[in-house]
Amino acid sequence: MNKQVIIPLIISALLSVNANANSCKIEGYTIGFFNGVATTPEQAEEGTWKLESTLGLSQYHGEGVEYQLFYNDSYIGEGMVNVLGDFAETFDQRTQELDQQVNNKWEAFWDIVNGRQHSTIIQTIASASTGFLDLVNDLSSNSFNRIIKTFLESLASLSGSTPNTEEVSRKHRLINDSLTWEGKKLLYIAHSQGNLWVNQSYNHVLSQQGYDDSNIKIIHIAPASPTVNGEYILSGNDLVINGLQLTGIGSVQPYNFTARYTEEDKSGHGLIEVYLSDKKAKAMLLNAVNQAFSDLKKPDMEDYLFQTTFNYSSTFINRHEFPQFAIVDYVPASQAKAHENEIQYKRKHLINLQWPKKQLIPVPPKKALVFQQSRQGHRIQLTINECMDFPEESYAYLLGEFSNLKGDLSVALDATTTIKVRDRYGETKVEEKIDVSSMNPELVIPCAGSGNFLEWKLSKEFYTPDEKAVLKTMNLKGKRLLDSQYLSGVCVPH
């Protein structure tokens, strides 16, 4: 058996990078917390901390466990609690989950807020939307009004409070993109209105490459949602959630335990005061978390960004010197092209034509891009293990591969190279077989050296400028679209 040789190649003179580091390694867990209504950032952070201390998990089976807050901005103003926006979000999300596909539902929302439950617009919507009157009756019922009355009375006016659903959705989406790009196994825990948000995140994660329902689990605490995507915990004396029941529809789940009454939270709804303090609720939560961690599986992703394999025939190995590899150019991904005239240009400028040895001329990118080279027999693999430490911009990197002919310059038949590129999702992006002996059709002027050009493309162009700004502000990596293509072979004549 041939002994494997590992040769780290660092393609940068600007930065020193540990070539053995692997930021592409698919490992680790993230517990995400989705807060409920009327929660300040400080209270949401406190809820996250309390959840972390209750669970007591910093690692699981030797892999790290991190905690991530998915904050739901609850319109906290100076000196008062303004939850009209939350009320609007709840109305919007619940009508969507109940399949209320109506164009005028926001008119109906304001009619409900102003006590006009029998307005023409509500009756019109109800005639076309089964269950809508039940929703109206629920939102305008005495029990629900008692819950929101104290909040609404604290408002100076009803003007100037608009839901920021899209802003919150965007932030959550970008956090999910970053976590799935890292390949984290995900457990999301939501409280109250946060359950409406966690369901959106759940669906977004399932849409990501490499992920299915074995890689993300949900635990719902006091779910204010008709839909649950996992275990839930709901107290029988939670006046807030049980007040959301819709006659005959079951817009929230039936309670599955009853917490002890506490003067600290007479509504029976508080995360810390009730669900993270009650003995039975904590036991249910810990059991659900243990089961979720037991069920979570590694996403279908590889521990590298790209892996490029060159398989050489015996004739090629015998007739050529050891191949050279280098990144010889990089361009913004939006400008990457594979036109033949561009390749001809690169042939002239990227290979040192000083005889007798031809050398690739590496062009260092703005930041270090590291790949490792390993050889076993006639196979050479180039593996990029960096998924985080490359420029934030979208780039296409041009890889050059070149071998000088050794010995006499007679044409070698059956000299072939097979090239295969796989990305971190296991997709084959390139699979080419190149016959070097046939690169000169007339077989008169032999190749003094031959090689190939490949392109590795990392694109972030699908994010809007606003989304990129949010990624930067929140210090998130986001995700990349990966692509690769074989551009051209090159035969350098004598």
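The values are calculated or read from the model by the stated rules, or taken from the named source; none is laboratory data. This is a predicted model, so every value here is computed, not measured. Backbone-built Cβ (ideal geometry, glycine too); neighbour counts: all protein chains shown. Side chains are part of the model used for accessible areas, which takes the heavy atoms of the whole protein and leaves out ligands, DNA and RNA. Shrake-Rupley method; radii C 1.70, N 1.55, O 1.52, S 1.80 Å.
Computed quantities for the displayed model
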read-out: Under the Debye formula (equal points on every Cα, no solvent term), log10 I(q)/I(0) of the stretch 165-221 at q = 0.15, 0.20, 0.25, 0.31 Å⁻¹; value: -0.38, -0.69, -1.05, -1.39
read-out: Full-extension gain in nm, L239 to T418, via 0.36 nm per residue minus C-alpha separation; value: 57.7 nm
read-out: Virtual paramagnetic centre 7 Å along Cα→Cβ of D435, amide N under 20 Å, in the stretch 308-322; value: 311-320
read-out: Estimated distance in nm for a label pair at K298 and Q59, the labels positioned 7 Å out from Cα along Cα-to-Cβ; value: 1.7 nm
read-out: Per residue Cα convex hull volume in Å³ - calculated over the stretch 186-333; value: 197 Å³
read-out: Whole-number accessible area per residue in Å² for the stretch 199-329, which is evaluated in the context of all protein chains at 1.4 Å; value: 41 Å²
read-out: Per-pair calculated FRET efficiency, R0 = 51 Å: S334 and Q291 via Cβ, rounded to 0.05; value: 0.65
read-out: Modelled FRET efficiency - R0 45 Å, C491 with D466, Cβ distances, 0.05 increments; value: 0.40
read-out: Portion, in percent, of the accessible area of the stretch 162-207 that falls on carbon or sulfur, probe 1.4 Å; value: 46 percent
read-out: The stretch 203-327: relative contact order in percent, alpha carbon pairs under 8 Å with at least 6 residues between; value: 22 percent
